[in-house]
Each structure stands twice: as structure tokens, then as C-alpha cells.
1. Rounded to whole Hz and in sequence order, give me ³J(HN,Hα) for segment 48-58 from the Karplus expression 6.51 cos²θ - 1.76 cosθ + 1.60, θ = phi - 60°, writing x for Gly and Pro.
2. Could you give the size of the charge dipole of the chain about its Cα centre, using +1 on the Cβ of each K and R and -1 on the Cβ of each D and E, expressed in debye and rounded to the nearest 20?
3. Pick out, from I7, N25, P39, the residue whose Cα sits farthest towards the positive end of the charge dipole of the chain, with +1 on the Cβ of Lys and Arg and -1 on the Cβ of Asp and Glu.
4. Could you compute how fast segment 29-71 diffuses translationally, taking Rh as the Kirkwood radius over C-alpha pairs and applying Stokes-Einstein at 20 °C with viscosity 1.002 mPa s? Give it in µm² per second.
5. As a test of the formula, what do you get for the chain when each DSSP H run with n ≥ 4 contributes -39,500 (n - 2.57) and the sum is divided by the residue count, at 222 nm and rounded to the nearest 500 deg cm²/dmol?
6. Can you pull a Stokes-Einstein diffusion coefficient for the chain at 10 °C (1.306 mPa s), Rh from Kirkwood over Cα pairs, as a whole number of µm²/s?
Amino acid sequence: MLSIDVIIHLRVNECIAHYEGQYDNVRTRSVDGRWVVFPAQALRRVVGEEGVHGIFRLTFTEQGRFHDIVPLNRR
């Protein structure tokens, strides 16, 4: 599996917009500065009462398809 660590800071209302399907994808920066795009539905696995804040590891298949999101640290 391929992986990349990303920084995500989304307030609750931004998460709700993703959850309601207003957005198909999330675009964020990796810890090394690259732009990363992944499916918005992945946020459902990590959203908390205050939204999504912290560093997360995204894993992708060899074909580049999203596989998983795991928190590395949360604020």
C-alpha cells in the first residue's frame, strides 16, 4: 500500500457539507507540501464533535484508489 500523511483542519459545518454530499472530494496538503485529493466520504471515519483536526495517514492501492484514513495525532 502507498501512503501519505496529510494535515486536515475542517470545522463541523465544513464536515456536514461533505457529509451531505455537497462535495465529492477533499483537497488538502500533505506534511511535505504536496496537494492531495481523496473521497469526502472518508471523513465519516474520523470526524469528531469539533470537526476533523490533525495529521492523518491516507493509504492508497497500487492503482491509486483511496483505501483508508488513520489519525496520527489529533488536536
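Values in this text are rule-based calculations from the coordinates and carry no lab data. Note that the coordinates shown come from a computational prediction; the quantities given were computed from them, not determined experimentally. Don't worry about glycine lacking a Cβ; one is built from the backbone with ideal geometry, like all the others, and counts go over all protein chains shown.
1. Karplus-based 3J(HN,Hα) across segment 48-58 equals x, 4, 9, x, 10, 9, x, 10, 10, 9, 9 Hz.
2. On the way: 10 positive and 9 negative charges, 25 e Å.
The calculation lands at about 120 debye.
3. Highest projection toward the positive end goes to I7.
4. Value of D from the Cα-based Kirkwood radius: 189 µm²/s.
5. Numbers: 1 runs with 8 residues, N = 75.
Taking each H run of at least 4 residues, the total per residue is -3000 deg cm²/dmol.
6. Values: Rh = 12.3 Å.
Calculated translational D: 129 µm²/s.
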